Amino acid sequence: MKKLRTLVLISLTTMTIGAMAQQSAVVKDSSKTEYILKGLRPVKIKQIGVYVAPETQISYLDGHVKPLFGGSAMILLNQKLGIGLSGYSTGRGFRSGDGVDFRYGGVKVEYTFRPSKRFHFSVPILLGMGSANDREYNDNRNSQPWGGPSRNGFGNRFFVAQGGINLEGNLFKYAKVFVGASYRFAGIDNRRSTSTLDYNQVSGPSVNLGLKFGLFDHSLQKKSK
């Protein structure tokens, strides 16, 4: 009987120690659980820049290939992330050929890959608004006296989203050149339309060519003496 009691006591002691060890292992393993957001740190801005980028787009518009003129004014972070404003227009000298008066602009974000390389790529995205008028609208507007009902009209107004990819080259410290392609998506609000243009006439591909002038890599870190 005494031996049985001793055996039961040893068994209970062994089971208790094993349970405590197992619980300790579980707690220890749970401390190693990895989380998606754990360890994420805000990106430190080490360099800042500012530049302007005059640009010409050869764009498909209203069934015709025609140039759009414009550009961007941007703030550049760490030589990679650009944030600013951009706008484009057919230009006064190109409005009478097929009768389309076209312009758009908005907020532009551009990310540059490996900007220190002689040649590199960038991906620009523009979100904004635009307006377009066809020949019929322009003729009606021109026939109105100053202050007439068409004086403040803008034709088709639309939301625009444009994305693309550019190949850039570093000319020298304060200038870059780029060429690329993009596609413009536009959604016309027909309730405010004063012309016959539709989605397919203002959406389309473009070939882009331009320059960037500015300061691209001003350091925000103090130089050690």
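Read-outs throughout are calculated quantities, based only on the coordinates presented, and are distinct from any laboratory measurement. Note that this is a predicted model, so its numbers are computed, not measured. Cβ coordinates were reconstructed from backbone atoms using ideal geometry, including for glycine residues, and neighbour counts include every protein chain displayed.
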Problem set entry | Calculated from backbone phi, Karplus (6.51, -1.76, 1.60) coupling profile of the stretch 47-57 in Hz, x at Gly/Pro | 9, 9, x, 8, 7, 10, 9, x, 8, 10, 10
Exercise. Val109 to Val123: extension gain in nm, 0.36 nm per residue of separation minus the Cα-Cα distance?
Worked result: 4.2 nm
For this session: Anything over 18 Å Cα to Cα? Flag those among Lys46/Lys222; Lys117/Lys222; Lys44/Lys108, in the order listed.
Result: Lys117/Lys222; Lys44/Lys108
Exercise. What FRET efficiency do you get for Phe185 and Lys222 if R0 is 41 Å and r is their Cβ-Cβ distance, rounded to the nearest 0.05?
Worked result: 0.35
